[in-house]
Amino acid sequence: MKQGVWAAVLALSATLPALSAAAQDNPFSGGWTLNADGSALRFQSVKNETKVESSSFAAYEGTIAEDGTTTIRIKLDSVDTKVDLRNVRMRFLFFETFQFPEAVLTATIDPALLADLPQVRRKRITIPYALSLHGVEKQGEAEVAVTLISDDLVAVASGAPISVAVADYGLENGIRKLEEAANVKIVPSATVSFDFTFARNTSGAAVTAAAVPAAPAPTPADTAPAAAVETAGNFDLAACVGRFEILSRTDNINFTSGSATLDPDSFFLLDSIVDIVRRCPGLRVEVGGHTDDLGSDATNLRLSQRRAASVSEYLTTKGADPAQITPTGYGEARPAFSNDSPDNRRRNRRIEFAVLNG
């Protein structure tokens, strides 16, 4: 019996070095976790043909599994343009984060491509990826540079900027709304670059996934911190007025045809508006209903009043102070666009928000 036990022990002892070597051959052994503090994710856009603007994201998280499966989740509400109201435009008008709060990048990195990384320390490889953004998923390829900083720390950076076309992700309407809000022309694509640092999970050096930290005290735009996070607590008057002006341009509050019944897709935005109303205490906000010019003046006026009342009721039911909300119907009296096309008429059928006592 003892000889049998010792034989098993000796067999196991002989196997362990082979298992250890196999683990070492896998560069993703143990899995890796993204270290957000040592990483950066940026994108560049161009407006008015020549003005290049660089922006970034403050909150994201990611992992690389032992088989090379990589997932990066980007919190789109953390978009940072260095200007508060410009961040709000990006969130509400372009990304529509009230409905699409994150972008998800997935890729599979073949461990064999990096088997010699401990010897060469740095390699450039091409990997296929999938980007899910605004409810659309697209496939692509990217060249990345992988650098082994230490046995338990690796950097993965874009080898070249990655072009992302807004048309690929159904964001054309978002670009139009940004252009109208800022009175600029925007090239309908952006280039994305990243420099991610990952820590091996088994090293004890793994860093918890990025989370939105508490916001710092407001600072001037030219000295704003690199990480843009929504201001905590109540907004000041300028921030409130600016936000309601932007909310009036979202084009995301819709009704059943010819009625005042809210389309359920409107709830995503309206829930966000409740939060803003509550963080602008003391301000009275008009919910203005507007229609196109089809139908009689009296019919349109009644419909706009009912739709404004429907939005106001939703906001107060969800927690907004009724004393802050004033529904008003304007009918067809204040068109934002000429009623000369189906699309312009659609855009005239809208809800606008205005601060009454600012």
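Observations on the structure shown:
- Built amide H within the under 5 Å cut-off of Ile149, gap 5+: Val154, Ala155
- Backbone phi angles across segment 125-131, fed through the Karplus curve with coefficients 6.51, -1.76 and 1.60 (θ = phi - 60°), yield HN-Hα couplings of 9, 10, 10, x, 9, 10, 10 Hz in residue order; Gly and Pro are listed as x.
- Span per principal axis, largest first, for the Cα atoms of segment 29-203 (Å): 53, 27, 27
- Within segment 233-355: Cβ-based charge dipole about Cα centre, in debye rounded to nearest 20 (Lys, Arg +1; Asp, Glu -1): 140
- The base-10 log of I(q)/I(0) for segment 233-355, evaluated at q = 0.10, 0.15, 0.17 Å⁻¹, reads -0.28, -0.63, -0.80 [Debye formula, identical scatterers on Cα atoms, solvent excluded].
- Projected area averaged over orientations for segment 252-296, convex hull of C-alpha atoms, nm²: 4.1
- With K and R counted +1 and D and E -1, the other residues having a Cβ less than 13 Å from that of Glu313 yield a net charge of +3.
- Once the mean of 1/r is taken over each pair of separate Cα atoms and inverted, segment 83-127 shows a Kirkwood hydrodynamic radius of 14.1 Å.
- Fewest-first sequence of Phe92, Phe337, Phe198 by Cβ atoms within 10 Å of each Cβ: Phe337, Phe92, Phe198
- Each Lys or Arg adds one and each Asp or Glu takes one away; over the other residues whose Cβ falls under 14 Å from the Cβ of Asp265, this sums to -4.
- Cα-based reach from Lys185 at 25 Å (exclusive), listing lysines while leaving out same-chain residues under 8 positions away: Lys47, Lys51, Lys82, Lys177
- Sequence-distant aspartates and glutamates (8 or more away, or on other chains) whose Cα lies within less than 12 Å of Lys123: Glu143
- When you restrict to C-alpha pairs under 8 Å that are six or more residues apart and normalise by the size of segment 268-358, the relative contact order lands at 42 percent.
- What the Kirkwood sum gives for segment 74-154 is a hydrodynamic radius of 15.2 Å, with every pair of different alpha carbons counted.
Read the figures in this text as sums done on the coordinates, not as results from a lab. This structure is a prediction, so every number in the text was calculated from the model and none was measured. Heads up, the Cβs are rebuilt from the backbone with ideal geometry, glycines too, and the neighbour counts pull from every protein chain shown.
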